[in-house]
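Student: Have a look at this one before I ask anything.
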Amino acid sequence: MKEKKYIIDEVEPNWVVCEPIAEYSKVSAQRVKQLYLFEEGIPQTDEHDIRIVELFAGVGGFRVGFERASEHFKTVWNNQWEPSTKRQDASIVYQHRFGSAGHSNEDISIVPVEEIPDSDILCGGFPCQDYSVATTLHNSKGIEGKKGVLWWQIQRILRDKGEKAPKYLVLENVDRLLGSPAKQRGRDFAIILASLSDLGYCVEWRVINAAEYGMPQRRRRTYIVAYHRTSSIAKQWEAEAEHPFNWIIEKSVLGNAFESKVSTKKNTQSDFIVEGDLVEVTENFNKSDNGKAASPFGNAGFMANRHVWSADVVPTYDGPCLTLGQIVLPEDQVQEEFFIPDTEMPKWTYLKGSKSEKRMSKEGYEYNYSEGSMTFPDALDKPSRTIITGEGGAGPSRFKHVIQTPSGRYRRLMPIELERLNMFPDNHTKGTTDIRRAFLMGNALVTGIVERIGIVLKERM
Ligand SMILES: C[S@@+](CC[C@H](N)C(=O)[O-])C[C@H]1O[C@@H](n2cnc3c(N)ncnc32)[C@H](O)[C@@H]1O
């Protein structure tokens, strides 16, 4: 039997961000207010518009961020497919919000490049995996990335598009990308840099904690902005090439969008060349006898023609800061199921608390287990902790947020509050279960980061 198409028939009339977030995003506040349901159909573009292709789209974090930064950013095609579940919640939410035209819900590995329209920017939050490369006789180029490793899908699209490849890339990944894998730290990122360099791109990266730029969630992610050597921003770099660290700190796209200075605690400015083909990078990059060499990549950097300049920077942002307390709903709007019954409190208190105890392994060995305490309840006068995919559901957990309400009761966060912590419009993910909504937010990004990148790109590209 053909699967019934899931339809969300209740259209949310007020698809806008809440006041504190609109206030924070003042630069584009007008645009924030305009973010009602998108019209059906692929957006029409003219020469003033910037066409975007969004891969690994989830529920559209890049799209929300970019399209809030300027009405000239237009997402012309997007792809989202979740391999682990039959029901495609993220794809359903995406189509509900932005329409089905230009949406692809297929494994990106089987999408022919000809089906992907040309664009100016390609963006996406690709999963962190092992990017190692081996030689193979089956491949005409003699090099093969592991099957199922999604980085190679980005590389395939850029390679096969040839001259029509997007001039700009904006990518997101976890912060440990810069230090992976544990036995050859930095190798995976070196492979990414080398493969982008070989395709003609200059690459900036920066680890950004959204809360350090006033956003309501402490979420650290690596952001990568790349531009083809024929692009305007690559030309801007060439004019500044004598001062690469100044470029990283101030003049690059990420430097421009996220004010910072060189860290005085860690003096790790360095420069080096990523040498060899991708197999050689796989085999040799940062190899040490005991496998313990630290990653050569600081939290900010730039690469052009395989030459890497790397630094450690600290934020110098001093603008408005959003807190968890500012985005939570008033107590009378919270459904009863989000309150923690008194009978459950001992379990939560135990899980959140510090412990040092003897535990038994599966194999029957006794071992000492210890961990420190978590702030409990979560502080309302600070940004939240990182939302993880398991944030939803009533079961007690060490990692789920718990806040105390003015009446003194304890409760979990509602899906709408998780959306706000990622700076999505309210009820963005409405239409699926609360547990899935939390999962989708645990996978998503803080859209305010993309908005800031978008504002700078729009001016400079
Ligand atoms: C880190 S999440 C990105 C979330 C997104 N930035 C957002 O704002 O919601 C990565 C996404 O890639 C999707 N994905 C994983 N494997 C995929 C594949 N083979 N093809 C297409 N999408 C895939 C996952 O379902 C997930 O939604």
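Read-outs throughout are calculated quantities, based only on the coordinates presented, and are distinct from any laboratory measurement. Quick caveat, the model's predicted, so the values are computed rather than measured. Here Cβ is always computed from backbone atoms with ideal geometry, including for glycine, and neighbour counts include all displayed protein chains.
Student: Within straight cross-link reach of Lys86, meaning Cα distance under 15 Å, which aspartates and glutamates are found once same-chain residues fewer than 8 apart are removed?
Tutor: Within reach: Glu3, Glu106, Asp107.
Student: For every helix of n ≥ 4 consecutive DSSP H residues, a contribution of -39,500 (n - 2.57) applies; sum these over the chain, divide by its total residues, and give [θ] at 222 nm rounded to the nearest 500 deg cm²/dmol.
Tutor: So the calculated ellipticity at 222 nm is -7000 deg cm²/dmol.
Student: Another question about this same structure. Find how many whole Å separate the alpha carbon centroid of region 76-91 from the alpha carbon centroid of region 47-62.
Tutor: The distance from the Cα centre of region 47-62 to that of region 76-91 comes to 15 Å.
Student: Also, I was wondering about something else. Where in region 376-413 does the amide nitrogen come within less than 14 Å of the point 7 Å from the Cα of Asp332, taken along Cα to Cβ?
Tutor: 406-407
Student: At q = 0.14, 0.17, 0.21 Å⁻¹, what log₁₀ I(q)/I(0) does region 232-378 have when each alpha carbon counts as one equal point scatterer in the Debye sum?
Tutor: -0.93, -1.01, -1.29
Student: With only Lys, Arg, Asp and Glu charged, each at its Cβ (+1 for the first two, -1 for the last two), find how big the charge dipole of the chain is about the Cα centre; round to the nearest 20 debye. Don't skip to the answer; put the middle values down first.
Tutor: Working: 59 positive and 64 negative charges, 224 e Å.
The dipole magnitude comes to about 1080 debye.
Student: In terms of the ratio Rg/(2.2 N^0.38 Å) built on C-alpha atoms, what value belongs to region 367-461?
Tutor: 1.30
Student: What does the charge count around Val334 come to, taking other residues whose C-beta lies under 11 Å from its C-beta (Lys +1, Arg +1, Asp -1, Glu -1)?
Tutor: Net charge around Val334: -2.
Student: Holding the Cα-Cα limit at 27 Å, pick out from Lys146/Lys235; Lys167/Lys251; Lys26/Lys74; Lys266/Lys358; Lys261/Lys458 the pairs that are longer than that.
Tutor: The pairs that break the limit, which is 27 Å between Cα atoms, are Lys146/Lys235; Lys266/Lys358.
Student: Now for a different question. Could you tell me the center-to-center distance, by alpha carbons, between region 370-428 and region 255-317 in angstrom?
Tutor: Spelled out, the Cα-based centre of one part sits 34 Å from the other.
Student: Looking at the chain, what % of its DSSP beta bridges pair antiparallel, to the nearest 5? Please report the intermediate quantities before stating the final value.
Tutor: Details: 44 of 62 bridges.
Approximately 70 percent, going by the DSSP bridge assignments.
Student: Something else now. Work from the charge dipole of the chain (Cβ charges, +1 for Lys and Arg, -1 for Asp and Glu, about the Cα centre) and give the residue of Gly61, Ser288, Val313 farthest towards its positive end.
Tutor: Ser288
Student: Along the charge dipole of the chain, pointing to its positive end and built from +1/-1 on Cβ of Lys, Arg, Asp and Glu, which listed residue (Gln269, Ala304, Ile192) has its Cα farthest out?
Tutor: Farthest towards the positive pole: Gln269.
Student: Still on this structure, I have one more. How do 202-209, 303-310, 282-289 rank on mean C-beta neighbours within 10 Å, highest first? Display every interim value, and only then the final one.
Tutor: On the way: 202-209: 23.2, 303-310: 19.5, 282-289: 14.5.
The packing order, highest mean first, is 202-209, 303-310, 282-289.
Student: Placing one identical point scatterer on every Cα of the chain and ignoring solvent, what is log10 I(q)/I(0) from the Debye formula at q = 0.06, 0.10, 0.13 Å⁻¹?
Tutor: Per q value, in the given order, log10 I(q)/I(0) is -0.28, -0.79, -1.30.
Student: I've got another one for you. Per residue, what volume in Å³ does the Cα convex hull of region 89-244 take up?
Tutor: With only Cα atoms used, region 89-244 gives 169 Å³ per residue.
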